[in-house]
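Chemist: Quick one: the structure is below, questions incoming.
The values are calculated or read from the model by the stated rules, or taken from the named source; none is laboratory data. These numbers were taken from a predicted model, which means no experiment stands behind them. Positions of Cβ are backbone-derived with ideal geometry, glycine not excepted, and every protein chain shown enters the neighbour counts.
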């Protein structure tokens, strides 16, 4: 509920601060006194667009601050979604600077206008004859019936289930499309895959290995000649390296005992002899291995050519990349070969989610059907009390073939204003005054079952008088038992029913005009209601009538 409103430097308001209470409150004042300014200030603090024309003093900033007690509204999740600090007593502030810039804060946290408007929807509901067309909005009609049917938990589950079902359908269609495309490419992909499979690609760098082997085989004769020549140089009698090393070793052995240095030289010659013997052994071994093999050379060249051709064909530059291509082709081939199982699983998911969604939608429909009769009877009784004795109201529910965001029902509010007339959509058959009373009746019924935000009725009683005005006041007063209701009115019958009475008036100070809002005490209320009854020249009868109206309250 709205607990207080503070306004500085807005339109004709220089400084204004007012506290509001729970229940039914009224605001009165002469035409042009500034009631619309008050509504404008409330709209501005809750996210309406601002411009410099709103500044009373163009050199100073405008500040509007509203306090709301929201502990009973379960708004924690809304604040979490907007990343705002939740406080049971929430303060919303809007500032309009002389530069034209504006700022908004919720509990001292800066917020965007979009976020502010999201909060506004949960805090304040402003109604006038100009915005009762919301009654014809499908969203609002579903909202009313589902609120009465207590469908909120079911609708939450239904929307989650519907989302899962739509995703399942989407996945099935996507899979079918992919399968069709894959089937068209299947034969070609299978051919490419088998070609790579037959190539028996190896993880190691096979190309480099092949190139080295080919290089060896291509020069086998030169390699063998040089290996044999090396053996000959090492083993030839008298002048071979082995023979010379033997002589060196023998010479040094004769002097090794004379000095440690000579002994070291002798050991080194022995080491050289051992190393040479090992080298000669390896040379002979390698020379025996080397042989010219044109067939093997041809095979290796063919293998290398195959790998290069495959790389060129698949636009890659290595065997590793060819292996990756092979894996991709395998998946594409497998996708087609496993299509039946994949389609079966996707179809099962569609059927399963459809069943869950359908069961929830049917429960929602059943709950709606249960409350329609009582809702119709209650609303028609209220409308009868409000001067629409012959009005007949109908909630028409038509089954849908496909799921909508609201289930399997199309909900429409219809009205027959007079006996014998046909039912028609509200926007076509109801006048502005009738729409106002229908909205009032619906809000009255909703207030018993839903924790509604503060409702502000802006002269919703325009065009009625006498007993009907009193009945309208009774309805708003009854609504005030369950919630905060504030109404701006010109009717004394409506004003007299208020628990709190506020008056808007203008005051001229020098060259300036200012709008004020005050809370009236009992004596001031009598005078205000008497003035509403008989004009500024309050007669004794008007005062007595005012006292009578207020005593009834």
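Chemist: Inside the range 15-48, can you point out the residues that are in contact with a helix residue (DSSP H, G or I) (Cβ under 8 Å, 6 or more places away or on another chain) and free of Cβ contacts under 8 Å to residues at least 60 places away in the same chain?
Modeler: Result: 40, 44, 48.
Chemist: Now a separate question. When you go through (1) closer than 28 Å to residue 153 by Cα; (2) touching a residue at least 40 places away in the same chain (Cβ under 8 Å) one by one for residue 366, which number turns out not to apply?
Modeler: (2)
Chemist: How many of the residues making up the range 440-464 are farther than 24 Å from residue 75 by Cβ, buried (at least 22 other Cβ atoms within 10 Å of the Cβ) and modelled with pLDDT of 85 or more? Show your work before the answer.
Modeler: Within the range 440-464, the subset farther than 24 Å from residue 75 by Cβ is 440-441, 458-464.
Filter once more, so that each one left must be buried (at least 22 other Cβ atoms within 10 Å of the Cβ): 440-441, 460-461.
Narrowing the set further to residues that are modelled with pLDDT of 85 or more leaves 440-441.
So the count comes out to 2.
Chemist: Then there's this: Give the number of residues within the range 258-270 that are out of contact with any helix residue (DSSP H, G or I) (no Cβ under 7 Å at 6 or more places or on another chain), surrounded by 10 or more Cβ atoms within 10 Å (Cβ to Cβ) and part of a helix (DSSP H, G or I).
Modeler: To start, the set of residues in the range 258-270 that are out of contact with any helix residue (DSSP H, G or I) (no Cβ under 7 Å at 6 or more places or on another chain) comprises 258-261, 264, 267-268.
Narrowing further to those that are surrounded by 10 or more Cβ atoms within 10 Å (Cβ to Cβ): 259, 261, 264, 267-268.
Now drop any that are not part of a helix (DSSP H, G or I), which leaves 261, 264, 267-268.
Counting residues in the range 258-270 that are out of contact with any helix residue (DSSP H, G or I) (no Cβ under 7 Å at 6 or more places or on another chain), surrounded by 10 or more Cβ atoms within 10 Å (Cβ to Cβ) and part of a helix (DSSP H, G or I) gives 4.
Yes/no matrix, rows are residues, columns are (1) in contact with a helix residue (DSSP H, G or I) (Cβ under 8 Å, 6 or more places away or on another chain); (2) modelled with pLDDT of 90 or more; (3) over 27 Å from residue 172 (Cα atoms); (4) not in a helix (DSSP H, G or I):
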| site | (1), (2), (3), (4) |
| --- | --- |
| 324 | no, no, yes, no |
| 328 | no, no, no, no |
| 332 | yes, no, no, no |
| 335 | yes, no, no, no |
| 343 | yes, no, no, no |
| 350 | yes, yes, no, no |
| 353 | yes, yes, no, no |
| 358 | no, yes, no, no |
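Chemist: Determine the pairs where a residue that is not assigned by TED's automatic domain parsing to the domain that holds residue 208, located within the range 310-326, has a partner that is modelled with pLDDT of 90 or more and part of a helix (DSSP H, G or I) with Cβ atoms under 6 Å apart, the partner being 6 or more residues away or on another chain.
Modeler: Short answer, once both residue conditions are applied: none.
Chemist: If residue 437 satisfies all but one of (1) without any contact (Cβ under 8 Å) to a residue 12 or more places away in the chain; (2) surrounded by 18 or more Cβ atoms within 10 Å (Cβ to Cβ), what's the number of the condition it fails?
Modeler: Unmet condition: (1).
Chemist: Report whether or not residue 186 is over 24 Å from residue 71 (Cα atoms), touching a helix residue (DSSP H, G or I) at 6+ places or on another chain (Cβ under 7 Å) and crowded, with 17+ Cβ neighbours inside 10 Å. Spell out how you get there, then give the answer.
Modeler: Numbers: over 24 Å from residue 71 (Cα atoms): yes; touching a helix residue (DSSP H, G or I) at 6+ places or on another chain (Cβ under 7 Å): yes; crowded, with 17+ Cβ neighbours inside 10 Å: yes.
Answer is yes for this residue.
Chemist: Then there is this: Could you go through the range 111-121 and let me know if any residue there is more than 17 Å from the chain's Cα centre (by Cα) and not in a helix (DSSP H, G or I).
Modeler: Within the range 111-121 (the criterion being more than 17 Å from the chain's Cα centre (by Cα) and not in a helix (DSSP H, G or I)), the answer is yes, since at least one residue qualifies.
Chemist: Check off (1) in contact with a strand residue (DSSP E or B) (Cβ under 8 Å, 6 or more places away or on another chain); (2) touching a residue at least 12 places away in the same chain (Cβ under 8 Å); (3) under 20 Å from residue 139 (Cβ atoms) for residue 403 and give me the number that stays unchecked.
Modeler: (1)
Chemist: Before we move on, is residue 163 closer than 30 Å to residue 406 by Cα and either surrounded by fewer than 17 Cβ atoms within 10 Å (Cβ to Cβ) or modelled with pLDDT of 80 or more (or both)? Let's see the steps before the verdict.
Modeler: Working: closer than 30 Å to residue 406 by Cα: yes; either surrounded by fewer than 17 Cβ atoms within 10 Å (Cβ to Cβ) or modelled with pLDDT of 80 or more (or both): yes.
In short, yes.
Chemist: While we're looking at this one, here's another question. List the number of the failed condition for residue 380; all other conditions in (1) within 34 Å of the chain's Cα centre (by Cα); (2) farther than 26 Å from residue 23 by Cβ; (3) modelled with pLDDT of 90 or more hold.
Modeler: (1)
Chemist: Right, next: Which condition breaks for residue 80 when tested against (1) within 25 Å of the chain's Cα centre (by Cα); (2) surrounded by fewer than 17 Cβ atoms within 10 Å (Cβ to Cβ); (3) in contact (Cβ under 8 Å) with a residue 12 or more places away in the chain?
Modeler: (3)
Chemist: Residue check, residue 113 against (1) in the same structural domain as residue 1 (by TED's automatic domain parsing); (2) free of Cβ contacts under 8 Å to residues at least 40 places away in the same chain; (3) in contact with a strand residue (DSSP E or B) (Cβ under 9 Å, 6 or more places away or on another chain), all met but one. Which one?
Modeler: Result: residue 113 fails condition (2) only.
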